[in-house]
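Participant: One structure, as structure tokens, below. Some questions next.
Readers should treat all values here as calculations from the given coordinates under stated rules, not as data from a laboratory. Being a predicted model, the structure only gives us computed values, none of them experimental. All Cβ positions, glycine included, derive from the backbone under ideal geometry; neighbour counts span all protein chains shown.
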Amino acid sequence: MTKQEELAKLMCPNVKMTIEDLEKKYPPRNLKEGAKVTRFAPSPTGFLHTGSLFASFVASKIAHDSDGIFYLRIEDTDTKREVKGSVDTLVKQLSLFNITIDEGYGFNGQYGPYLQSERSDIYNSVIYEMVCKGLAYPCFCSSEELNATREIQTSNKERPGYYGKYAKCRNLSIDEAIMKIKNGEPYVVRFKSDGNFENHIDFHDEIRGDLSLSENDLDIVIRKSDGLPTYHFAHVCDDHFMRTTHVIRGEEWLPSAPIHVQMFKALNFKLPHYAHLPVIMKNDNGNRRKLSKRLDPEASVSYFVEQGYPTDALLIYLCTIANSNYEEFRLANVDSKVSDFKLSYDKFSLDGALFDLEKINNISKDVIFKMPIDELIEKVKNWAKTYDNNLYNLILEDEDMFKKIMNFGKNDPQPRKDYYKYAEIYSHIQYMYKSSFDSLLAEETPYDKALVSKVCSVFKESLLNGMKPNKEDWFAYQKEIARKLDFAYNKKDMRDNQLTYMFSDYMAIIRVALTKRKNAFDLVDIIETIGINETIRRLDLSVN
Ligand code: GLU
């Protein structure tokens, strides 16, 4: 055994596989020409960021548009940031958004384990060979020493980091290293970079095209003192042995790409294609900034789930921020689904996607409006069961009525598009149900009580003795009744005869009496739906 091997064995005592064994165990995938293998690799930190939904949506679409594979890998090597249970939430939310996972954590697959904390054998097998070949070494520098180095570098106006003359443990002899480990000194494992920061490497990004980046000269940590790998190293091992063809990830990783390219090369692994996605930005009073979990509720996918946005609305929106030509496609193909559109790398915007909640709301209004009624009822009911007890109870009380209400105005020449999220429905329709109408009684009417009382009793008479409410001549008929109570036909009538109120005030009084709202559905629809008895009951409540 060489000295180098002795050191490697000490650092990775239980290694049973060689890199060659791993290559055989995880062979290149047998897929059709052009099929892409992509992944979503979240860290389980408690919630699904809207930016991560975007990344997973793009990665899954790129894979599925090419009949490839999209898999889920959980990057749980930062134990401090880990939040228990977040993987389950994450998987549930992805499935809510119809993002189909073909293999990975919690799913089947031949390229696992898909949980990084269960892949130590693989990482150590690779580290073992790296140490043997002099590509990696143990570093015993304490955090105090590293801080002191950083201070020196800052005061010398030098780049911070562990490189060149600052990479102290690079120069330890193998005997010294062996001794320190045997003495139980804590250490990390570092990659031995052969790069020169002054050199540039050519790097092709699928979205950004050809780039020239400074070569990496940092001896970055690949295994932490707790034995777990760092992101950089795990990325290289996992994306290689899981046979990812296209690494699609956030642009925040672009500066680290030279490290990754260098490691792929050092290990003789085929470099995957890279696509760095634009960061999702927010317009904050004219300033562009990152969508932030702390400041923006919409930074969390849960917000859209809890508020009851139809998943399609968000997916359509993500398509519009992904590809600049999607809106045109959607206009030309009104009934198309997101799956009918193929994403292309060259249509991505490069300068950060601006997240626009108003635009999502508009898309969502349209999606809710166009959804077949039975599907909509089912979706709202499912949503309300978890997120809106009041609404759920109303639906259970009278589902036919709910269906009728949700259909209101759909066929009008100017169709009503009342909701952009399910959370808006209850307050919109609450007055339609007798049970929840009564809880609104305390609300004040904006009109004089005596006037309200008079109008309501006259209106009641007209219902009992006159024409049945309809959408044709009933309004004209009501206008005549109102005129007898001095509600003007129009502005001229008001001026000429010095009247105080218009016909619209008459209707508004009725509307408030029947709904406790100034804006409500069409009165004829309301009366037809709640029925004459309930209408009379409500009018009586206002008369008294
Ligand atoms: N775990 C990394 C993150 O959540 C994944 C980055 C990648 O996709 O490679 O940022």
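Participant: Given an 8 Å cut-off on Cα distances and at least 6 residues of separation, report the relative contact order of region 213-350 as a percent. Intermediate values should be presented prior to the final figure.
Facilitator: Working: 112 pairs, mean separation 21.6, N = 138.
Relative contact order comes out at 16 percent.
Participant: Each residue of region 90-97 in turn: what ³J(HN,Hα) in whole Hz from Karplus with 6.51, -1.76, 1.60 and θ = phi - 60°, glycine and Pro shown as x?
Facilitator: 4, 5, 4, 5, 4, 6, 4, 8
Participant: How far is the Cα center of region 253-289 from the Cα center of region 2-63, in Å?
Facilitator: After rounding, the separation between the Cα centres reads 17 Å.
Participant: Ok, one more. Tell me the label-point distance for the pair K404, E528, using the 7 Å Cα-to-Cβ offset, in nm and rounded to one decimal.
Facilitator: Modelled inter-label distance: 0.9 nm.
Participant: Another question, if that's okay. Which lysines does K492 reach when only Cα atoms under 25 Å apart count, and residues fewer than 8 places away in its own chain are ignored?
Facilitator: Those lysines meeting the cut-off are K454, K479, K484, K518.
Participant: Using Cα pairs closer than 8 Å and at least 6 residues apart in sequence, work out the relative contact order for the chain, in percent.
Facilitator: On the way: 733 pairs, mean separation 62.6, N = 544.
Relative contact order comes out at 12 percent.
Participant: Counting each DSSP H run of 4 or more residues in the chain as -39500 (n - 2.57), what helix-only mean residue ellipticity at 222 nm follows after dividing by all residues, to the nearest 500 deg cm²/dmol? Walk me through the numbers before you get to the answer.
Facilitator: On the way: 24 runs with 248 residues, N = 544.
Estimated from H runs of four or more residues: -13500 deg cm²/dmol.
Participant: State to the nearest 20 debye the size of the charge dipole of region 1-156 about its Cα centre, where the only charges are +1 on K and R beta carbons and -1 on D and E beta carbons. Mind showing how you got there, number by number?
Facilitator: Values: 18 positive and 21 negative charges, 49 e Å.
Dipole size: approximately 240 debye.
Participant: Could you go through region 417-428 in sequence order and give the Karplus-derived ³J(HN,Hα) for each residue, using 6.51 cos²θ - 1.76 cosθ + 1.60 with θ = phi - 60°, rounded to whole Hz, and x for Gly and Pro?
Facilitator: 3J(HN,Hα) across region 417-428, in whole Hz: 10, 7, 10, 10, 8, 5, 5, 7, 5, 4, 5, 6.
Participant: Here's a follow-up. Lys/Arg Cβ at +1, Asp/Glu Cβ at -1, dipole of region 294-399 taken about the Cα centre: which of N382, I395, I316 is farthest positive-ward?
Facilitator: I316
Participant: Along each principal axis of its Cα atoms, how long is region 454-493 end to end? Whole angstroms, biggest number first, please.
Facilitator: That gives 31, 25, 10 Å along the principal axes, largest extent first.
Participant: Check the cysteines of the chain one by one and keep only those with no other cysteine Cβ under 4.7 Å from their own.
Facilitator: Lone cysteines by the Cβ rule: C12, C132, C141, C237, C319, C456.
Participant: Moving on. Quick check on the chain: what are the equivalent-ellipsoid semi-axes from the Cα gyration tensor, as sqrt(5λ), descending, whole Å? Spell out each step's value before the answer.
Facilitator: On the way: eigenvalues 894, 103, 93 Å².
In descending order the semi-axes read 67, 23, 22 Å.
Participant: Here is a follow-up. Less than 12 Å apart at the alpha-carbon level, and either on another chain or at least 8 residues along: which aspartates and glutamates does that give for K3?
Facilitator: D175, E176
Participant: Turning to a different aspect of this structure: Can you give the charge dipole size of region 57-123 about its Cα centre, rounded to the nearest 20 debye, using +1 on the beta carbon of Lys and Arg and -1 on the beta carbon of Asp and Glu? The partial results should precede the final answer.
Facilitator: Numbers: 7 positive and 11 negative charges, 50 e Å.
The dipole magnitude comes to about 240 debye.
Participant: Here's something else I'd like to know. Mind checking region 472-544 for trypsin sites (Lys or Arg not before Pro) that DSSP puts in a loop (not H, G, I, E or B) and that have at most 13 other Cβ atoms within 10 Å? Before the final figure, lay out each step's value.
Facilitator: On the way: sites: K479, R483, K484, K491, K492, R495, R511, K516, R517, K518, R537, R538; in loops: K516, R517, K518.
Passing both the DSSP loop test and the Cβ count: K518.
Participant: Treating only the Cβ of Lys, Arg, Asp and Glu as charged (+1, +1, -1, -1), what charge dipole size does the chain show about its Cα centre? Round to the nearest 20 debye. Please list the in-between numbers first.
Facilitator: Working: 74 positive and 81 negative charges, 104 e Å.
My answer is approximately 500 debye.
Participant: Here's a follow-up. For region 191-341, compute the number of Lys pairs whose alpha carbons are separated by less than 30 Å, excluding pairs fewer than 8 positions apart on the same chain.
Facilitator: Lysine pairs, 8 or more places apart or on different chains, close enough: 12.
Participant: Right, another one. In nm, what is the difference between 0.36 nm times the number of residues separating R159 and F107 and their Cα-Cα distance?
Facilitator: My answer for the length gained is 14.3 nm.
Participant: Which whole-number percent gives the relative contact order of region 296-383, counting Cα pairs below 8 Å spaced six or more residues apart?
Facilitator: On the way: 53 pairs, mean separation 32.4, N = 88.
Relative contact order for region 296-383 comes out at 37 percent.
Participant: Arrange the following residues from fewest to most other Cβ atoms within 10 Å of their Cβ: Y419, Y345, Y71.
Facilitator: Numbers: Y419 21, Y345 18, Y71 25.
Placing the least packed residue first, the sequence is Y345, Y419, Y71.
Participant: Further question on the same structure: Kindly rank 93-99, 314-320 from highest to lowest mean number of other beta carbons found within 10 Å of each residue.
Facilitator: Values: 93-99: 17.9, 314-320: 22.4.
Put in order of decreasing packing, that is 314-320, 93-99.
Participant: For E472 and S439 in the same chain, what is the full-extension length gain: residue separation times 0.36 nm, less their Cα-Cα distance, in nm?
Facilitator: Numbers: separation 33, 0.36 × 33 = 11.88 nm, distance 3.28 nm.
Taking E472 through S439 to full extension adds about 8.6 nm, to one decimal.
Participant: Can you find, among N497, S436, S462, the residue sitting farthest towards the positive end of the charge dipole of region 381-501, where Lys and Arg contribute +1 and Asp and Glu -1 at Cβ?
Facilitator: N497
Participant: Among N147, F107, I201, pick out the residue whose Cα is farthest towards the positive end of the charge dipole of the chain, where Lys and Arg carry +1 and Asp and Glu carry -1 on C-beta, about the Cα centre.
Facilitator: Toward the positive end, the furthest listed residue is N147.
Participant: Right, something else. Would you mind checking K32/K342; K16/K133; K379/K421; K92/K410; K92/K381 for any pair whose Cα atoms are more than 21 angstrom apart? Could the numbers behind the result be given before it?
Facilitator: Values: K32/K342 18 Å; K16/K133 17 Å; K379/K421 11 Å; K92/K410 33 Å; K92/K381 18 Å.
Violating the 21 Å Cα-Cα cut-off are K92/K410.
Participant: Convert each backbone phi in region 429-438 into a coupling constant with the Karplus relation 6.51 cos²θ - 1.76 cosθ + 1.60 (shift: θ = phi - 60°), then list the ³J(HN,Hα) values in order as whole Hz, x for Gly and Pro.
Facilitator: Ordered by residue, 3J(HN,Hα) equals 10, 3, 5, 5, 9, 4, 4, 9, 5, 5 Hz.
Participant: Mind listing the long-range amide H neighbours of S214? Cut-off is under 5 Å, sequence gap 5 or more, other chains count too, H placed in the peptide plane at 1.01 Å from N.
Facilitator: For S214, the qualifying residues are I201.
Participant: Considering the Cα trace of region 130-270, what is its radius of gyration and what is Dmax, both in angstroms?
Facilitator: Cα-based Rg and Dmax for region 130-270 come out at 16.1, 50 Å.
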